[in-house]
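What follows is one structure encoded as structure tokens, with my remarks underneath.
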Amino acid sequence: MTARKVFRNPLAVAALVILLVIVLASVFAPLVAPHSPTALRLDRINAGPGSGYLLGGDGAGRDIFSRLLYAGRNTLTGAVIALSVALVLGVVSGLLSGYYGGLLDGVLGWGANLLMALPTMIVLLALFQALGSSIYLAMVAFGVMLSPGFHRLVRSQVMAVKHELYVDAARVSGLSDPRIIGRHVLLVVRAPIVIQAAVVAGIAIVVQSGLEFLGLGDPGTPTWGGMLQDAFTNIYTSRIAIWWPGMTIALTVASLVLLGNAIRDVIQRTERVRKPPKPPELVPATPDTDELPLLRITNLTVGYPSNDGYREVVHGVDLDVRHGEVMGLVGESGSGKTQTAFSVLGLLSPGGTLLGQSSIAFDGTELARLPESERRALRGRRIGYIPQEPMSNLDPCFRVGEQLVEPLRAVSGLSKQAAVTEALHLLERVGIPEPRRTFAAYPHEISGGMAQRVLIAGAVSGKPDLLIADEPTTALDVTVQADVLDLLRGLQTEFGMAMLLVTHNFGVVADICDRVAVMQDGRIVEVNDVRPLFASPKHPYTQTLLGSTLEDSAPRTRLEVNHA
Amino acid sequence: MLEAHNVVVEYAGRGWRSKGFKALHDVSFDIKPHETLGLVGESGSGKTTIGRAILGLVPVGSGSIRFDGRELVGMSRRERRRLSDDIQVVFQDPYSSLNPSMTVEDILVEPLVARRTADRRQASVRVRTLLDQVGLPHDAVHRLPREFSGGQRQRIAIARALALQPKLIVCDEPVSALDLSTQARVLDLFISIQEETGVAYLFISHDLAVVRHISHRVAVLYRGDIVEYGDVLDVTERPEHPYTKRLLMAAPLPDPDRQAVRRQERRDLLASEAIA
């Protein structure tokens, strides 16, 4: 499937075709080449293209075209040798290092670092001195020098995969380590290996040609680098001859790199909608103006761009939140409850668009068509927000205090000193035992429950009229949840705020909400005051949900019968 | 069937000479055949560590875990692999517990082939039986995990655990990531499988209501210790340890009036604890 996507990229197809032609022509050189690579014709020394030889003759009167084909065999073989050695050494050591860790990882990592620290070219030159003129031997050595790249890549990938639960599950299933590495780990790391291999093959060709250009290697066998050297010596007699090996090397290496990039793009990028269609113009329905509640949502329709227009996730929701009431918005995942809440905040994910006659009237202002700058002015001042994941909503780089003081100053224009005093006061109000200590702490130094209290302090700091809480207790332990709910209830009464509480937990709804709206598949199926909703749910979906709560189900009893 | 005595698990600290973190101190419990032992606690209580210790995924510092008379602590990896016929697992996250690039059939066949209990052909027959058992259609076999919803993925994970017909399945928060209605259905699946096959569960959860629904006996964990341990009725109706009481009172009831009462009871309890 990945392959098919790669073929959709024209650059990748071109690169693949070029590579294929070069490889095939080299492999079948004896069949394709018009002349022997070593046949000399004195009348064609440094001859131009067309003069009996397709691309002309070299400094010794041999056919450049035929020599290019035969040289391809040697150069490509060299590259394959270097790549294979690097792959085998690097991938195996990387797998072992990443999977087992510990001492083995230390030793292998030390070896990889040592190899990386060696100056490659100098080592290879020294090897020629010691081992003679075999370019293949040199490429084996070069492969060893390239292996740390694979080692590091594979090791880091394996370390990431190792802690996936499916690897644990495989262990519990009784799979041996080699089998786990082979089946589960290798499968994940193969893509980056393929990409790296394409690039490394290119490097191997360049380095090998460089060595041959310097005159190392067997002068008897034709190679691209050797041809480059010959052409370079005769550059004043035949200027064009240097083009042919030069172009061949450049084309091969460029194709390899382009192909590698194309594969990477396919693997890393998920399919993207080319260009979001222009949304149809938004015509908010004018709500009845007589007695507007604090928040009146009418016909709210939220869509995300897809390949054919907009895919709707919320289909025409109507909802009122009155001054000072707690409105619960319940539903399962994918019901659109969070999308509804985020529409009010104006914080839909990129692409999220209000469609049709969507209207969000907040205290008489139509939010659906308000420019972003004015919506921003509302957030934090008149509409507060409490997120679901307290920890990911605090910046780990800044102290808790700074993250409270900064918005306070921005919103209320307080002096720094006044803002600090106010922040400490807020922290005390939300029940943090030692406000000064928490104020000076970094987010990772406080617990999840404390972090949520800090965020609540931030949300109420602007004394908003409406507080939007998106699953505010879902990430918390149940004992902490109870405390946070108590806190929210206290603040809500104290400030007389209205609250829109998004949750999936009916216990939370029963605890704190005045009214409840039940959502299913982007629609509100039932709205009612909290007591009648629990006592006599009307809609079958509400009945199903309430029937699924386990709090009142009979506990299982002790296993009486002795089955053994 | 499984007996754990004074199990201690300590995680090494970061860096040289730093002190380790004791996730479990001195935990003892047992699981009988065909029984569900619920393990309830909040984050950091060590409940997941107990499961991983039984599965051999974390090293046990001291103490003993005996399964069918065999000592699990200090067992070699080879012996441990043989034990996978008897002890299996269902993890919390149905997304990361299934290899995204393997088809459902590959996932289910893997344990069978690895333990050589079946050849490829027998295995694929067995896969059909397993899918029936967890209520998934047969045409699921050639599909990838991402084509399934959370609840269906968890069914696949349960089928994988059942593949080797184990005597004990460690269930680590298996329904916590699921929606309410799905959660109830998956729990009922667990119960019906137990009634059919007689497998025992160690059922780990932070949700007392879930544990109450499925367990015969319950152990309450708090900061690495079992603070209360007994029949489900005793623990959930007549808790003795103050922490268990707090835990029970904290869970909100899906009924506004009764929840108001419970809220008040919880406040009184906290107030009386503060005085004491």
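The values are calculated or read from the model by the stated rules, or taken from the named source; none is laboratory data. Keep in mind that what you see is a predicted model, and the values were worked out from it rather than measured. Cβ coordinates were reconstructed from backbone atoms using ideal geometry, including for glycine residues, and neighbour counts include every protein chain displayed. Quick note on the areas: whole protein, heavy atoms, side chains included, nothing else; ligands and nucleic acids left out. Shrake-Rupley method; radii C 1.70, N 1.55, O 1.52, S 1.80 Å.
P(r) for the protein assembly as shown: what percent of alpha-carbon pairs falls in each 20 Å bin, starting at zero?
12, 34, 32, 16, 5, 0
Shape verdict for the stretch A:1-75, please, from the Cα gyration tensor: rounded (a/c under 1.5), prolate (a/b greater than b/c) or oblate.
Prolate, since a/c reaches 1.5 and a/b exceeds b/c.
Can you list, bin by bin at 10 Å, the percent of alpha carbon pairs in the stretch A:2-268, starting at 0?
7, 25, 28, 22, 12, 5, 2, 0
Could you tell me what percent of the accessible area of the protein assembly as shown is made up of carbon and sulfur, with a 1.4 Å probe and every protein chain present?
Result for the protein assembly as shown: 56 percent of the exposed heavy-atom area is carbon or sulfur.
Given R₀ = 35 Å, what would the calculated FRET efficiency be for A:Arg376 paired with A:Ser447, taking r from the Cβ atoms and rounding to 0.05?
0.65
Name the residues of the stretch A:191-216 whose amide N is less than 20 Å from a point 7 angstrom out from the Cα of A:Leu131 along the C-beta direction?
Inside the label zone: A:200-216.
Take the eigenvalues of the Cα gyration tensor for the stretch A:342-480, scale each by 5, and report the square roots as semi-axes in whole Å, largest first.
The answer is 28, 18, 12 Å, longest axis first.
Tell me which residues come under 5 Å, amide H to amide H, from A:Gly61 once H is placed; ignore anything under 5 positions away on its chain.
Placed amide hydrogens put A:Asn46 under 5 Å from A:Gly61.
What is the diffusion coefficient of the stretch B:158-240 in µm²/s, taking the Kirkwood radius over Cα pairs and the Stokes-Einstein relation at 4 °C with a viscosity of 1.567 mPa s?
95
Quick check: net charge around A:Ile249, other residues with Cβ under 15 Å of its Cβ, Lys/Arg +1 and Asp/Glu -1?
0
Counting only the backbone N, which residues of the stretch A:471-500 are under 18 Å from the spot 7 Å out from the Cα of B:Arg258 toward its beta-carbon?
Counting only backbone N, you get no residues.
How much length, in nm to one decimal, is gained on full extension between A:Thr544 and A:Arg4, taken as 0.36 nm per residue of separation minus their Cα-Cα distance?
Working it through step by step, the gained length comes to 190.0 nm.
For helix A:400-412, report the angle its Cα long axis makes with the longest principal axis of the Cα atoms of chain A; keep it between 0 and 90° and round to the nearest 10°.
70
Around A:Gly109, with a cut-off of 15 angstrom between Cβ atoms, what is the net charge of the other residues, counting Lys and Arg +1 and Asp and Glu -1?
The answer is +1.
What is the angle, in °, between the Cα long axis of helix A:448-460 and the longest principal axis of the Cα atoms in chain A? Nearest 10 is fine, range 0 to 90.
Orientation of helix A:448-460: about 70 degrees from the principal axis.
State, to one decimal in nm, how far the label point of A:Ser156 lies from the label point of B:Gln165, with both points 7 Å from Cα in the Cβ direction.
Between A:Ser156 and B:Gln165, the simple spin-label model gives 4.8 nm.
Taking square-rooted eigenvalues a ≥ b ≥ c of the alpha carbon gyration tensor, is the stretch A:211-257 rounded, prolate or oblate, where a/c under 1.5 means rounded and, failing that, a/b exceeding b/c means prolate?
Oblate shape, in that a/c is at least 1.5 and b/c is the bigger or equal ratio.
For A:Asp265 and A:Ser412, compute 0.36 nm times the residue count separating them, minus their Cα-Cα distance, and round to one decimal in nm.
Length gained between A:Asp265 and A:Ser412: 48.3 nm.
For labels at B:Ser28 and A:Val194 in the simple 7 Å Cα→Cβ model, what's the distance in nm?
5.7
Can you list the DSSP H helices in chain B whose Cα atoms extend at least 27 Å along the helix axis and whose mean Kyte-Doolittle hydropathy is -1.0 or higher?
The qualifying helices: there are none.
I'd like the interface area for chains A and B: accessible area of each alone minus the complex, both sides summed, 1.4 Å probe, protein heavy atoms only. What is it in Å² to the nearest 100?
Using a 1.4 Å probe on protein heavy atoms, the buried area is about 5400 Å².
Explain nothing, just the number: relative contact order of the stretch A:2-268, from Cα pairs under 8 Å at least 6 residues apart, as a whole percent.
Computed over the stretch A:2-268, the figure is 27 percent.
For the Cα atoms of chain A, what angle does the longest principal axis make with the long axis of helix A:243-268, in degrees from 0 to 90, nearest 10?
Tilt relative to chain A: about 20 degrees.
Just grab the label-to-label distance for A:Gln357 and B:Asp234, each label 7 Å out from Cα along the Cβ direction, in nm (one decimal).
Using points 7 Å along Cα→Cβ, the separation is 6.4 nm.
What are the principal axis extents of the Cα atoms in the stretch A:316-422, in Å, biggest first?
Extents along the principal axes: 46, 31, 31 Å.
Would you mind checking B:Lys167/B:Lys245; A:Lys162/B:Lys22; A:Lys337/A:Lys538; A:Lys416/A:Lys463 for any pair whose Cα atoms are more than 21 angstrom apart?
Checking Cα-Cα distances, B:Lys167/B:Lys245; A:Lys162/B:Lys22 exceed 21 Å.
How high is the FRET efficiency from A:Leu20 to A:Trp243, r the C-beta distance, R0 22 Å, rounded to 0.05?
With R0 = 22 Å, the Cβ-Cβ based efficiency is 0.50.
Compute the length gained on full extension between A:Leu40 and A:Leu54: take 0.36 nm times their separation in residues and subtract their Cα-Cα distance, giving the result in nm to one decimal.
3.6 nm
Please compute, for the alpha-carbon atoms of the stretch B:37-183, the extent along each of the three principal axes and give them in descending order in Å.
So the three principal-axis extents are 47, 38, 25 Å.
Quick one: ranking A:Trp224, A:Trp244, A:Trp110 by accessible area, 1.4 Å probe, largest first, what do you get?
From most accessible down to least: A:Trp110, A:Trp244, A:Trp224.
So, for chain A, what is the accessible surface per residue at a probe of 1.4 Å, expressed in square angstrom?
Solvent-accessible surface per residue comes out at 47 Å².
Can you bin every Cα-Cα distance in chain B into 5 Å intervals starting at zero and give me the percent of pairs per bin, rounded to whole numbers?
Histogram of Cα-Cα distances, whole percents per bin: 1, 5, 12, 15, 17, 15, 13, 10, 6, 3, 2, 1, 0, 0.
For the pair A:Glu281 and B:Asp268, what calculated FRET efficiency results from E = 1/(1 + (r/R0)^6), where r is the Cβ-Cβ distance and R0 = 45 Å, to the nearest 0.05?
In this case the efficiency is close to 0.20.
Restricting to Cα pairs below 8 Å that are 6+ residues apart, what does the relative contact order work out to for chain A? Please round to a whole percent.
12
Scan around A:Asp363 for amide H atoms under 5 Å from its own, H built in the peptide plane at 1.01 Å from N, and keep only partners 5 or more places away or cross-chain.
Close amide H contacts, sequence-distant or interchain: A:Leu295, A:Arg296.
In terms of modelled amide H atoms, which long-range or inter-chain residues lie less than 5 Å from the amide H of A:Leu500?
Under 5 Å from the amide H of A:Leu500: A:Met327, A:Leu467, A:Ile468, A:Ala469.
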